[in-house]
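Below: the structure, in structure tokens.
The values are calculated or read from the model by the stated rules, or taken from the named source; none is laboratory data. Nothing here was measured: the structure is a model prediction, and the numbers come from that model. All Cβ positions, even for glycine, are placed from backbone atoms using ideal geometry, and neighbour counts span all protein chains on display. Ligands, DNA and RNA are excluded from the accessible area calculation, which covers all protein heavy atoms including side chains. Shrake-Rupley method; radii C 1.70, N 1.55, O 1.52, S 1.80 Å.
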Amino acid sequence: MKFRGKMVEISSIQHFTRILNTIGKLTKIAVLRIVPSHMYLTFNERITSGGSSLWCEIPQDHYFCEFNMEGLSKENNEIYLEFQIDNLITAFKSAQAAKSIKLKLTKKHVPCLTLEVELPSLHSNSRFVVHDVPVLVIPRRLWGQFQEPSMIQFDVSIYMPSLKIVRNVVERMKNIGTFMTMFASSNGEIDLRCETDTVTITTHFKDLNLTSVSAHATDKLKAECRIDLRKFNQFLFGQQINPAKVVCNISHQQMVQFFLLHDDVSIQYFLPSIVV
């Protein structure tokens with residue numbers, strides 16, 4: 001297996017770093033899937049750890065001026081690598097003013113994602129910094145665990161209000177309770193509710209747009225999910241890509257999917273409904 005890519009645009013390097021930072025707020029261990037046209041970052045928690053999952057799709061031609069890879073075989077032209085995402089974030093943070101970054105799969109004492117960072121210099125000779133991020137190459141028999149999640153059969157699909165406003169609301173709620181119930185209706189409303197034995201707090205958003213997918217929904221259709229308030233708060237405070245739109249898909253009492261849409265990346269984050 002071989003992989004080699006090169007970045008030269010500062011904006012691409014910085015945006016790629018923001019993507020890594022966003023995912024790093026949600027998980028310590030991530031899986032990178034590499035195919036000829038895209039890179040994918042994903043994780044999938046066990047149910048005992050909360051059951052949240054993420055799927056991030058990155059078109060390689062938006063970030064790399066050179067991109068070459070050879071997978072396991074012609075029939076399975078893919079590479080799957082597991083790694084500690086903080087290590088890759090640290091490497092990219094050191095390259096925010098780089099002239100170029102070469103990212104490649106290497107074999108040192110163990111397999112590594114190696115970053116060769118070319119830094120600006122006042123002299124004719126360039127300065128280079130090399131970071132080796134250890135990775136685990138995932139065998140073919142386990143690839144099925146890291147495929148794109150199937151689109152959930154949602155009951156309501158609705159555009160989220162400003163994430164900054166939602167973040168302020170959730171930040172206050174997390175000091176009160178552990179869980180939050182999210183309600184959405186096909187008449188363009190979202191309610192966020194936190195309940196304890198002594199107090200109930202509800203924030204109401206209205207006049208929100210439904211997505212075209214759920215335009216067939218009846219006026220009375222409603223869906224709700226009880227989700228982990230801490231994980232939702234981490235998601236809101238961790239995202240750094242400033243998405244153009246955020247879609248919330250709710251499958252009644254089963255799952256909430258947040259779909260962040262951006263010109264250069266898309267992120268799906270899933271939170272399961274919690275039954276107590």
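Taking segment 84-137 only, how many residues are among the polar types (S, T, N, Q) and free of Cβ contacts under 8 Å to residues at least 12 places away in the same chain?
3
Taking segment 37-72, which residues are open to solvent by less than 70 Å² (accessible area, probe 1.4 Å), part of a loop (DSSP other than H, G, I, E, B), in contact with a strand residue (DSSP E or B) (Cβ under 6 Å, 6 or more places away or on another chain) and not hydroxyl-bearing (Ser, Thr, Tyr)? Within segment 37-72, GLY50, GLY51, PHE64, GLY71 meet the criteria.
Give me a count of the residues in segment 17-26 that are open to solvent by 10 Å² or more (accessible area, probe 1.4 Å) and touching a strand residue (DSSP E or B) at 6+ places or on another chain (Cβ under 9 Å). Of the residues in segment 17-26, 2 are open to solvent by 10 Å² or more (accessible area, probe 1.4 Å) and touching a strand residue (DSSP E or B) at 6+ places or on another chain (Cβ under 9 Å).
Screening VAL130 against (1) in a strand (DSSP E or B); (2) more than 22 Å from the chain's Cα centre (by Cα); (3) closer than 24 Å to THR42 by Cβ leaves a single unmet condition, (3). Of all residues in segment 226-269, how many are under 20 Å from ASN21 (Cβ atoms), within 12 Å of the chain's Cα centre (by Cα) and open to solvent by less than 20 Å² (accessible area, probe 1.4 Å)? Count: 10. One residue stands out in segment 133-162 among those that are small (Gly, Ala, Ser) and part of a loop (DSSP other than H, G, I, E, B): the one that is least open to solvent (accessible area, probe 1.4 Å), namely SER162. Apart from one condition, ALA223 fits all of (1) in contact with an Asp or Glu (Cβ under 6 Å, 6 or more places away or on another chain); (2) of a type in the set (A, V, I, L, M, F, W, C); (3) part of a helix (DSSP H, G or I); the exception is (3). SER150: among the hydroxyl-bearing types (Ser, Thr, Tyr) and touching a residue at least 60 places away in the same chain (Cβ under 8 Å), yes or no? The answer is no for SER150.
For segment 27-36, the criterion of a residue being more than 29 Å from SER73 (Cα to Cα), open to solvent by 10 Å² or more (accessible area, probe 1.4 Å) and at pLDDT below 95 is satisfied by at least one position.
Matching residues to (1) over 27 Å from ILE274 (Cα atoms); (2) part of a helix (DSSP H, G or I):
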| residue | (1), (2) |
| --- | --- |
| LYS6 | yes, no |
| ILE13 | yes, yes |
| THR27 | no, no |
| VAL31 | no, no |
| LYS74 | yes, no |
| TYR80 | yes, no |
